[in-house]
Amino acid sequence: MNPEDMLSAADRAVYAWQLDLPGFGESAQVKLRRSTALVSRCGGVGGQIALSLAAAGIGKLVVAHAGDLRPDDLNRQTLMRHEGIGHPRTESLAATLRAFNPGIEVEAVAENAGADNAPALVAAADIVFSAAPLFEERFHLNRAAVRQGKPIVDCAMYGMEGQVIPVIPGRTACLACLYPEIPPHWRRRFPVLGAVAALTGNLGVIEGIKLLTGLGTSMAGRMIYFDAAEMRWQTIGLRREESCAVCGSGNGEVGA
């Protein structure tokens, strides 16, 4: 048997409780170890995504986030540290992830996703977690993932609300089906409770692990929406739009 298809004694010790999950076991753990996930960005939502993927035993994380750490990041960006203020965010987040789980590989990219780099970022991963606060970045990641046939989990929050959209290119609605253009009242700065950002990120991780391992029932094709103020939860069916500029029929995007 190929050694890459087996868990070491150290792996079994670290992931022992996870291996007890019905329908998971060693085969799913091996799938995680052999997978690479892109997380863009790694703030309140994306940072929790990266941390929970590291805890679950993902093989490699590509984490993309530009800029230096600011004091107002620290209410939600749990991979960061006060001593990192004024220094690149990638330094703090990479150091935290490597210290937390030395058994995974971390590649830190000090860039935000854009038209020029999104295709290369997506090409380096088996699955994409999109957690950018700007629709422009989310649109670039969505387009690149659809073109390359890579599953993408789009995660967003605002105030006490959060939403997660798992996308399987060619099979389910993509982000552009739901948002053909940037909503007119969207703004860059918005209210954030760190716990709500973390909850959104963890929901995204659960859906991503489902897609990678086959655990449970994927919510691909639906939006998971919650309002934490009222503890109200919904799963909302999404229709793939034939006229979608990204994944619609006849546009040549999927697998291009």
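Structure notes:
- Just one of the listed residues (GLN18, GLN48) is closer than 23 Å to ASP154 by Cα and of a type in the set (S, T, N, Q), namely GLN48.
- Test: residue in segment 216-229 that is modelled with pLDDT of 95 or more, touching a strand residue (DSSP E or B) at 6+ places or on another chain (Cβ under 7 Å), at negative phi and among the aromatic types (Phe, Trp, Tyr): yes
- GLY248 being modelled with pLDDT under 95 and touching a Cys at 6+ places or on another chain (Cβ under 9 Å): yes
- Residue check, PRO180 of a type outside the set (D, E, K, R) and farther than 18 Å from ALA37 by Cα: yes
- Residues satisfying the criterion are absent from segment 213-223 (criterion: within 26 Å of ALA115 (Cα to Cα), more than 20 Å from the chain's Cα centre (by Cα) and part of a loop (DSSP other than H, G, I, E, B)).
- Flag if GLU91 is in contact with a strand residue (DSSP E or B) (Cβ under 8 Å, 6 or more places away or on another chain) and charged (D, E, K, R): yes
- Any pair with Cβ under 7 angstrom, 6 or more apart, that starts in segment 232-247 at a residue that is of a type in the set (S, T, N, Q) and ends at one that is part of a loop (DSSP other than H, G, I, E, B) and at pLDDT 95 or above: THR235/MET219
- On inspection, GLY25 qualifies as free of Cβ contacts under 8 Å to residues at least 12 places away in the same chain, over 19 Å from ASN101 (Cα atoms), in contact with a helix residue (DSSP H, G or I) (Cβ under 7 Å, 6 or more places away or on another chain) and not polar (S, T, N, Q).
- Taking segment 1-107 and the helices (runs of 4 or more DSSP H) fully enclosed by it, the elements with 2 or more residues that are farther than 25 Å from PRO151 by Cα are at 9-14, 16-19, 89-100.
- For segment 2-22, the condition holds for no residue, the condition being that it is of a type outside the set (A, V, I, L, M), surrounded by 15 or more Cβ atoms within 10 Å (Cβ to Cβ), in contact with a Ser or Thr (Cβ under 8 Å, 6 or more places away or on another chain) and farther than 17 Å from ALA131 by Cβ.
- Exactly one residue out of GLY170, GLY201, GLY221, GLY248 is of a type outside the set (Asp, Glu) and under 17 Å from ALA131 (Cβ atoms): that is GLY201.
The values are calculated or read from the model by the stated rules, or taken from the named source; none is laboratory data. Predicted, not measured: the structure shown is a model, and the values here were computed from it. Because the Cβ atoms are built from the backbone with ideal geometry, glycine has one as well, and the counts that use them run over all protein chains shown.
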